[in-house]
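What follows is a set of notes on a single structure, which appears directly below.
The values are calculated or read from the model by the stated rules, or taken from the named source; none is laboratory data. Fair warning: this is a prediction, and the values are worked out from it, not measured in the lab. Here the Cβ positions follow ideal geometry from the backbone for every residue, glycine too, while neighbour counts run over all protein chains shown. What goes into the accessible areas is simple: the full protein's heavy atoms, side chains included, and nothing from ligands, DNA or RNA. Shrake-Rupley method; radii C 1.70, N 1.55, O 1.52, S 1.80 Å.
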Amino acid sequence: MSDRYQPQEVEASIYRLWEEHQAFKALDVSTKPPFSIILPPPNVTGFLHLGHALNMSIQDCLIRWKKMNGFNVLWLPGTDHAGIATQVVVEKHLQKMGLNREQLGREKFLEKVWEWKRETEDRIYSQLKRLGGALDWSRATFTLDEGVSRAVTKVFVSLYRKGLIYRGLRLVNWSGPLQSAISDLEVEFKEVKGRLYLIKYPLTDSNEHLIVATTRPETLLGDTAVCVHPKDDRYQRFIGKKVRLPLIGREISVIADESIDPQFGTGVVKVTPAHDFNDYKLGRKYNLDFINILDKMCYLNENAGIYRGLSVTEARRRIVHDLKESDLLVKEEPHIHQVGHCSRTGAVIEPLLSEQWFVKMSGLAQPARAVVESGTITLEPEAWIKTYLHWLNNIEDWCISRQLWWGHRIPAWYCQVCSHVYVDERQPGQCEKCGNNSWKQDEDVLDTWFSSALWPFTTLGWPAQTEALKTFYPTSVLVTGHDILFFWVARMIMMGLEFVKDVPFRKVYLHGLVRDDQGTKMSKSLDNSIDPIDVIEKYGADALRFNFLAHIHSGKDFQFSEERVQGYRNFINKLWNAARFVLTRVSVASFEGIHGPSLAAFDRWILQRLWEVERDVEQGLEQCRFSDAAHLLYHFVWNDFCDWYIEFSKVNWLEIAPDEKENSQKVMLFVLDRIIALLHPFIPFVTEEIFQKLPYREGQLCILQNYPTTRLDKELKNFFSSESAFEVELLKAVLHSIRQIRGENRISPAQEIGVKLRVFDEKTQKILGNYRKMLMLLGRISSLEISPEVRAKKAAVSRIVLGNSSVTVAVPLEGLVNIEEEIKRLTKAIEKAEKTLKELERRLSQEAFLKNANPEVVEHDRQQSQVLRVQIQTWTEARERLLRNEEFLV
């Protein structure tokens, strides 16, 4: 093994090794229990980002863990055509070449998009491999593959015939530059410094007027009512009367509805049913006119009168000017508010009345609600259940048509003679209404989320009843971000229940977004986004993966830190160096035949710790507590195995007989073997590379081994010894105290020191006496006194309590440190701590602070106060010991 682990030299060859041995291949028919995950398909828009890397790390950990537990595992890869996102990216690419889609025409443009798809899909799959994804590449699927497209058409036709899909005029989010409806997920709300305009609406039967506040004065051209709260005393007398629309003169009614907030603005709101989602509901409720004032490019149309042809911005400027001229503008003032923007173009979204295709959601939502309420599907964390059910209880019909070229074209044709609509999986023949054969297919494509909603079963061959579908559906778990719980997860549940008559997955694990080290959302515009491949090139894939898994908490956003990745790169190097030590210093060929009776205390202790870690890691992974499992392994490897067990063993091997040494070396090799397997789902590359170096594992793969569990290693209990565990923990505590005294007093680790141990019971004194040489070598001790009566002068003291035993550790400091300078340092530290404590106690004594401050801040201050009190007492005692000139009983 090389002196240092070099991931750049290892990872590609290890992944080829897995592929050559078909390590990721699932079997459609197997006696093993199935476990399946469908990869949330990345968009073919470019590169994977850190969010994908986080998502993939979680899934790969589960997949490898289940495979090593004897399951027939399927992790199915795929990509999403991402209609709007991909079309926008390709159009921007064409613009650089001086082309646009209209010049190319639909067919030629789609050829360009397919070229783009092939390039980006190859890049995405390459990135997934760089991350170590144990995906069954033989099953890779694209949302526009022929089989998936047929399934999408079948679902559309089926829902249409059931009356669950219809075409109608409804309000949608509209992007002018795209000339298309877009989903709520593609609307980004940004804080905008706008203006609030107060406008007079004159009453028709008097000289009075109502004052309406709006941020969008241009939409008054489409107003068909003004509305007040029915119990608002200021306006009750106006309900049922008419006002004259400013600038237009059209008469509209004053209506009343309890949804109006009397405290907002003037308490009078304008109602524009064709351009506001709340107003749309009022319009339908009170049967108001719907007047659309915008065309598809979001310019004012013929209903805008003299303002026709103006952009929204220019129309606003002109209308405000004309209101002033007509003495209808009371005032305008600065107003900060949230405005929806198209995430693909940056343009302001306009609610627009448009003829679109919709899915009726209420009937589909009820079963999707029931399976979560009953626990058939579990959500992790459970806190999201309430949000999920609230959304389903208030669900609106789903707009599924998009005015694009890239996507699944809607299987609807219109007879050019009689306008009959034909919807079917087959191309139309003779019109059943008029007998003609002149058809035009609907130009629109389906919302990307429509095909994505079918992903768990279309990827497995549905509508055919394939063996893969029978074996792997429902899938075992879905891992995804909480931001698409409604757009994707809920819709998959609905479609799975509707078409396969079963849920699409048993469990949903929801994780948060990846943010930078300041907690800011990552984006290209903020120049804080990071390419995961750049991190991999620098630190290796395993360090990036372990960084995610050691700090992920379900439902919470992840704060990315490159410094932390670097720390886990150091952990991987630590593991590598430990394996290198074992494989170069251990002379046994395998760990078979460990002889229990001759095992040293250190060997028994590490085997017991291994068993405990196996138990706790399995529990953590079963409950999707990845960070708990990762931290257990980190501390076991770094602290127990490397820092203690190997160091103890180095000294122990100098003392024991050859056969005992061989037996001990078998234990060390066994523990290393288990560590490699335990860590494999978390850091697969380095563990597989070390595994390939094990002489007794020739021709095998780590990923195909049994995962270490207390069931697999039940014989380890035969080696447990409470006496051995106590001895090792006692040695650790004493050495830790000695090292802590070195650190606190800035004594070099290389400097030999004198140590005095005051021990009160014979058992503990005997143990420490037996390990005198071990303590002196590992503690770099020149003289060691162990006695029930220990006196010292100007010494640093630390007390240890372990069970019923107590040990006082004393290190005389004369000749090691400048006593006078140390007294000054302690005095300064005490004064600083007392000043901080005084301020904290003053704040904690104030009623206002306790009542108004964040509870977490209050608790933090209380805990810090307690820590400071302990520190002050410790430093004060240390200073008093240095000030005394005579020996004292430690």
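Hey, could you check the stretch 405-434 for residues that are at pLDDT 95 or above and of a type in the set (Asp, Glu) and say which is least open to solvent (accessible area, probe 1.4 Å)? Step by step, filter the stretch 405-434, then rank; the result is Asp424.
Can you list the helices (runs of 4 or more DSSP H) lying wholly within the stretch 714-798 that have 3 or more residues being open to solvent by 30 Å² or more (accessible area, probe 1.4 Å) and touching a residue at least 40 places away in the same chain (Cβ under 8 Å)?
Details: elements: 722-744, 762-770, 772-778.
Per the criteria, 722-744, 772-778.
In the set (1) of a type in the set (D, E, K, R); (2) open to solvent by 20 Å² or more (accessible area, probe 1.4 Å); (3) closer than 30 Å to Trp449 by Cα, the condition left unmet by Glu350 is number (2).
For the stretch 127-145, state whether one or more residues are free of Cβ contacts under 8 Å to residues at least 40 places away in the same chain and either over 26 Å from Gln59 (Cβ atoms) or hydrophobic (A, V, I, L, M, F, W, C) (or both). Can you show your working first?
Within the stretch 127-145, the first condition is being free of Cβ contacts under 8 Å to residues at least 40 places away in the same chain, and the residues that meet it are 145.
Right, trim to either over 26 Å from Gln59 (Cβ atoms) or hydrophobic (A, V, I, L, M, F, W, C) (or both) and you get none.
The answer is no; no qualifying residue exists.
Being surrounded by fewer than 24 Cβ atoms within 10 Å (Cβ to Cβ) and in contact with a Gly (Cβ under 9 Å, 6 or more places away or on another chain) is the filter here; which residues of the stretch 657-684 pass it? Those that are surrounded by fewer than 24 Cβ atoms within 10 Å (Cβ to Cβ) and in contact with a Gly (Cβ under 9 Å, 6 or more places away or on another chain): Asn663, Lys666. Listed by first and then second residue, the pairs linking a residue in the stretch 537-551 that is open to solvent by 10 Å² or more (accessible area, probe 1.4 Å) to a residue that is in a helix (DSSP H, G or I), with Cβ atoms under 6 Å apart and 6 or more places separating them unless they lie on different chains, are Tyr539/Val565; Tyr539/Arg569; His551/Ser627.
Does Ala151 satisfy the criteria of being surrounded by 20 or more Cβ atoms within 10 Å (Cβ to Cβ) and either closer than 27 Å to Cys298 by Cβ or not basic (Lys, Arg) (or both)? Before the answer, list the steps.
Values: surrounded by 20 or more Cβ atoms within 10 Å (Cβ to Cβ): yes; either closer than 27 Å to Cys298 by Cβ or not basic (Lys, Arg) (or both): yes.
Here the answer is yes, as Ala151 does meet what is asked.
Reported count of residues in the stretch 175-205, each being among the hydroxyl-bearing types (Ser, Thr, Tyr), in a strand (DSSP E or B) and in contact with a Cys (Cβ under 9 Å, 6 or more places away or on another chain), is 1. Can you name every residue in the stretch 262-302 that is of a type in the set (A, V, I, L, M, F, W, C), touching a residue at least 60 places away in the same chain (Cβ under 8 Å) and closer than 25 Å to Ala347 by Cα? The answer is Ala274, Phe277, Phe290, Ile291, Ile293, Leu294, Met297, Cys298, Leu300. Can you report the number of residues in the stretch 685-700 which are assigned to a loop (DSSP other than H, G, I, E, B) and open to solvent by 10 Å² or more (accessible area, probe 1.4 Å)? Total satisfying the criteria: 5. Among the residues making up the stretch 303-348, those that are touching a residue at least 12 places away in the same chain (Cβ under 8 Å), among the hydroxyl-bearing types (Ser, Thr, Tyr) and under 23 Å from Gln179 (Cβ atoms) are Tyr307, Ser311, Ser343, Thr345.
Which ones in the stretch 585-597 are farther than 16 Å from Ile646 by Cα and assigned to a helix (DSSP H, G or I)? Matches in the stretch 585-597: Gly596, Pro597. Which number in (1) buried (at least 16 other Cβ atoms within 10 Å of the Cβ); (2) in contact with a strand residue (DSSP E or B) (Cβ under 6 Å, 6 or more places away or on another chain); (3) not in a helix (DSSP H, G or I) marks the one condition that Ser30 misses? If we test Ser30 against (1) buried (at least 16 other Cβ atoms within 10 Å of the Cβ); (2) in contact with a strand residue (DSSP E or B) (Cβ under 6 Å, 6 or more places away or on another chain); (3) not in a helix (DSSP H, G or I), just (1) comes out false. Among the residues of the stretch 63-83, write down those that are under 24 Å from Glu121 (Cα atoms), among the aliphatic types (A, V, I, L, M) and not in a strand (DSSP E or B). If the condition is that a residue be under 24 Å from Glu121 (Cα atoms), among the aliphatic types (A, V, I, L, M) and not in a strand (DSSP E or B), then Ile63, Ala82 are the ones that fit.
How many residues does the stretch 39-70 contain that are β-branched (Val, Ile, Thr) and farther than 19 Å from Glu622 by Cα?
As a first pass, look at the stretch 39-70 and keep what is β-branched (Val, Ile, Thr): 44-45, 58, 63.
Subsequent filtering for residues that are farther than 19 Å from Glu622 by Cα retains 44-45.
The number of residues fulfilling the criteria is 2.
Filtered by the rule that a residue be exposed (fewer than 15 other Cβ atoms within 10 Å of the Cβ) and assigned to a strand (DSSP E or B), the stretch 312-338 gives Lys331, Glu333, Pro334, His335, Ile336, His337, Gln338. When Ile703 is tested against the conditions (1) open to solvent by less than 40 Å² (accessible area, probe 1.4 Å); (2) within 25 Å of Leu768 (Cα to Cα), the lone failure is (2). Taking the criterion of being modelled with pLDDT under 95, among the aliphatic types (A, V, I, L, M), open to solvent by less than 40 Å² (accessible area, probe 1.4 Å) and closer than 26 Å to Leu352 by Cβ, would at least one residue in the stretch 183-197 satisfy it? Taking every residue of the stretch 183-197 in turn, at least one turns out to be modelled with pLDDT under 95, among the aliphatic types (A, V, I, L, M), open to solvent by less than 40 Å² (accessible area, probe 1.4 Å) and closer than 26 Å to Leu352 by Cβ. Across the stretch 494-536, the qualifying residues are those that are modelled with pLDDT under 90 and small (Gly, Ala, Ser), and the one among them that is most open to solvent (accessible area, probe 1.4 Å) is Ser525.
Evaluation of Gly249 against the conditions (1) in contact (Cβ under 8 Å) with a residue 12 or more places away in the chain; (2) open to solvent by 20 Å² or more (accessible area, probe 1.4 Å); (3) outside any strand (DSSP E or B); (4) closer than 21 Å to Tyr307 by Cβ shows that the sole unmet condition is (1).
What about Lys231, is it open to solvent by 20 Å² or more (accessible area, probe 1.4 Å), touching a strand residue (DSSP E or B) at 6+ places or on another chain (Cβ under 8 Å) and either outside any helix (DSSP H, G or I) or modelled with pLDDT of 95 or more (or both)? Reasoning before the result, please.
On the way: open to solvent by 20 Å² or more (accessible area, probe 1.4 Å): yes; touching a strand residue (DSSP E or B) at 6+ places or on another chain (Cβ under 8 Å): no; either outside any helix (DSSP H, G or I) or modelled with pLDDT of 95 or more (or both): yes.
Taking the combined requirement at face value, the residue does not satisfy it.
Filtering the stretch 633-660 to residues that are assigned to a loop (DSSP other than H, G, I, E, B) and among the charged types (D, E, K, R) leaves only Glu655.
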